[in-house]
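Undergrad: Can you read through this structure? Questions will come right after.
The values are calculated or read from the model by the stated rules, or taken from the named source; none is laboratory data. Being a predicted model, the structure only gives us computed values, none of them experimental. Cβ placement follows ideal geometry from the backbone for every residue including glycine, while neighbour counts extend to all protein chains displayed. Just so you know, the surface numbers come from the protein's heavy atoms only, side chains and all, with ligands and any DNA or RNA stripped out. Shrake-Rupley method; radii C 1.70, N 1.55, O 1.52, S 1.80 Å.
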Number of protein chains: 2
Amino acid sequence: MIERRNPTGLHDPVLDELGLAIASGALPEGRVLTLDGIQERFGVSRTVAREAMRVLESMGMVTSRRRVGITVRPMDDWNVFDPKVIWWRLAGPGRDAQLRTLTELRLAIEPLAAGAAARAATGPERARLTALAAELRRLGEAADLAEFMERDVEFHELLLRASGNEMFGALAGPVAAVLRGRTRLGLMPHQPVRAALDLHEAVAAAVAAGRAAAAEEAMRELLAEVRTATLPG
Amino acid sequence: MIERRNPTGLHDPVLDELGLAIASGALPEGRVLTLDGIQERFGVSRTVAREAMRVLESMGMVTSRRRVGITVRPMDDWNVFDPKVIWWRLAGPGRDAQLRTLTELRLAIEPLAAGAAARAATGPERARLTALAAELRRLGEAADLAEFMERDVEFHELLLRASGNEMFGALAGPVAAVLRGRTRLGLMPHQPVRAALDLHEAVAAAVAAGRAAAAEEAMRELLAEVRTATLPG
DNA sequence: AGACCGGAAAGGTAACACCATTTCATGTCT
DNA sequence: AGACATGAAATGGTGTTACCTTTCCGGTCT
């Protein structure tokens, strides 16, 4: 049941195409656009063009100056944590770079998130985490890759959200994108390694028991496989 | 030196006040606004009200539905990494919570960023980092707190940017805000501890020498002080 | 070179037609 | 009478157009 029945949304397409064009480099840093140009290119009114532009501006992707137009800004200025920006970069040729930096981000965040979850998770969260780890073992041994991935995504999302740190929680979406991206690219072993199954259970157990240091360490070991698999030396 | 931006755009004030009101809880989740209300409250035209609202919408702070109005969304949906959102939360009563989660984020990110910088930093960056560490020792021993803080900010910013991971680099601003906030709140020792001075130099040296693991470990030790000083158990 | 001016483009206002959604009153069926 | 369907009216965002105002780039005149 897809909730997203929003029929209209006339500047979302504009925003999306422009954002993608910038993220992909088709509109490089320094390129100057005009509202008139946008109006014409998309066949929309000035209002719609301006609203899309404002949003891009708030993401740091363009600046707008009178008499000169709308200028594309360097990537250093972008809000690279904005889900839309992440999505655009994943959809374009910057995809590998984005996957790499997101993976590095995971390596940094998830161990601490696991530790925090051991301190802050609610009862139901701890229980669900344990159940998910068990399910992962079952699916892993059955080599059901598709279902394994979905449970794995759920495991990591729940852990981030249960950390009690909303900044960690906000990374749940991007992390899910990385996990899905990795299997789609065939970067995962055909059958999850036993060690990974053990470690998921170790993380869940440590969180359930409130052992923060153990949870952090187990997550670090779990991610070690990711580190060697996808990052350079 | 305050950068007196443009002759002040007209929706920035609107955006700022609404964003702050939402972030501070003055406009709680579920509260419904209307464009007419915003127009009247700020004495601006519909266009301006709409553009501010679009930006808030792109930050996940409100949704706009026909016939019903503009609804404030729960914090789970906000783009909590957006610099404006961070700023608003720091400016309101959520300030302590925001400082806490940002600090936790630092603990996660900076060690990995140091390691990455050891691999990726340019020559000048390594040199500057080393120089900054030396300057920090001088200022620390002279107990020049204000200047120490500024160099410290510069040290951490440079390190994040030199990591070669633009997502780490994008955190330079917020991290600077935390560092400045900590001293302004008197959470820093009156004279920086010697161990901290040693560790800044250790980080710089490891980065300069390209020793990633050592840089990561040194940064972790450097942050241990922060961890105990500001986080619970 | 320095001052000056024309025009390009964004900033902002206003008025309007349109359309989705909710609300509510009305009427019919049981 | 009470429940349910039906349809109309009120409400408030969506999108368009027209028209000023402000800024400031670039060329021109002295």
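Undergrad: Over the Cα atoms of segment B:1-135, compute the convex hull volume and normalise it per residue, giving Å³.
TA: Each residue corresponds to 173 Å³ of Cα convex hull volume.
Undergrad: Follow-up question, since we're still on this one. Chain B: which residue's Cβ hugs the B-to-A rotation axis most tightly, distance rounded to whole Å?
TA: Taking Cβ atoms only, the nearest residue and its distance are B:81, 2.
Undergrad: Let me ask you something else. Taking only DSSP H segments of four or more residues, each worth -39500 (n - 2.57), what value at 222 nm results for chain B once the sum is divided by all its residues, to the nearest 500 deg cm²/dmol?
TA: Rounded to the nearest 500, it is -22000 deg cm²/dmol.
Undergrad: Considering the options A:172, A:22, A:87, tell which one lies farthest towards the positive end of the dipole of chain A, charges being +1 on Lys and Arg and -1 on Asp and Glu at the Cβ, about the Cα centre.
TA: A:22
Undergrad: Among B:172, B:212, B:142, which one shows the highest mean-square fluctuation when chain B is modelled as a Gaussian network with alpha-carbon springs under 10 Å?
TA: Of B:172, B:212, B:142, the Gaussian network model singles out B:142 as fluctuating most.
Undergrad: Using alpha carbon centroids, what distance separates segment A:104-159 and segment B:7-26, in Å?
TA: If we compute the Cα centre of each part, the gap is 38 Å.
Undergrad: Two decimals is fine: what's Rg over Rh for segment B:11-77, C-alpha atoms, Kirkwood radius as Rh?
TA: 0.92
Undergrad: If contacts are Cα pairs under 8 angstrom and at least 6 residues apart, what is the relative contact order of chain B in percent?
TA: Value for chain B: 20 percent.
Undergrad: Starting from the amide H of residue B:33, placed 1.01 Å from N in the peptide plane, find each other amide H under 5 Å away whose residue is 5 or more places distant or on another chain.
TA: B:70, B:71, B:72
Undergrad: Under 20 °C and 1.002 mPa s, how fast does segment B:95-230 diffuse according to Stokes-Einstein, given a Kirkwood radius computed over C-alpha pairs? Answer in µm²/s, whole number.
TA: 148 µm²/s
Undergrad: In nm to one decimal, list the spacings between the residue A:29 label point and its equivalents in the other copies, with label points set 7 Å along Cα to Cβ, shortest first.
TA: Taking the point 7 Å beyond Cα along Cα→Cβ, the inter-copy spacings are 3.9 nm.
Undergrad: Right, next: In nm, what does the list of distances from residue A:9 to its counterparts in the other copies look like, shortest first, when each label sits 7 Å along Cα to Cβ?
TA: Spacings between copies for this position, smallest first, are 2.3 nm.
Undergrad: When the dipole is taken about the Cα centre of chain B, and only Lys, Arg (+1) and Asp, Glu (-1) are charged at their Cβ, what size is it in debye, to the nearest 20?
TA: 600 debye
Undergrad: In addition: Place the label 7 angstrom along Cα→C-beta at residue B:193 and in each other copy, then list the distances from the first to the rest in nm, shortest first.
TA: Between copies, matching label points for residue B:193 lie 3.7 nm apart.
Undergrad: Stokes-Einstein diffusion coefficient for segment A:58-174 at 25 °C in a medium of 0.890 mPa s, Rh from the Kirkwood formula over Cα pairs: what value in µm²/s?
TA: 149 µm²/s
Undergrad: Something else about it: Name the residue, out of B:166, B:110, B:216, whose mean-square fluctuation peaks in a Gaussian network model built on chain B with Cα pairs under 10 Å.
TA: Most flexible of the set in this elastic network: B:166.
Undergrad: What distance in nm lies between label points placed 7 Å from Cα along the C-beta direction at residue A:185 and residue B:26?
TA: For the pair residue A:185/residue B:26, the computed spacing is 4.6 nm.
Undergrad: Roughly how big is segment B:62-133's charge dipole about its Cα centre, with Cβ charges of +1 (Lys, Arg) and -1 (Asp, Glu), in debye to the nearest 20?
TA: 340 debye
Undergrad: Rounded to the nearest percent, how much of the accessible area of the protein assembly as shown (1.4 Å probe, protein heavy atoms only) is carbon and sulfur?
TA: 53 percent
Undergrad: Karplus couplings for segment A:21-32 from phi (6.51 cos²θ - 1.76 cosθ + 1.60, θ = phi - 60°), rounded to Hz, Gly and Pro as x?
TA: Coupling constants for segment A:21-32: 4, 6, 4, 7, x, 4, 10, x, 3, x, 4, 10 Hz.
Undergrad: Ratio of chain A's C-alpha Rg to 2.2 N^0.38 Å, to two decimals?
TA: Scaled against compact globular proteins, the figure is 1.20.
Undergrad: Long-range amide H contacts for residue A:62: which residues qualify at under 5 Å (H placed 1.01 Å from N, peptide plane, sequence gap of 5 or more or a different chain)?
TA: A:57, A:73
Undergrad: How big, in percent, is the set of alpha carbon pairs in the protein assembly as shown lying more than 29 Å apart?
TA: 53 percent
Undergrad: Could you give me the ³J(HN,Hα) list for segment A:90-103, computed from phi with Karplus coefficients 6.51, -1.76, 1.60 and θ = phi - 60°, whole Hz, x at Gly and Pro?
TA: 5, 7, x, x, x, 3, 5, 4, 5, 4, 5, 5, 5, 5
Undergrad: Over the whole of B:57-68, what's the average partner chain Cβ count within 10 Å per residue? Rounded to a whole number, please.
TA: 2
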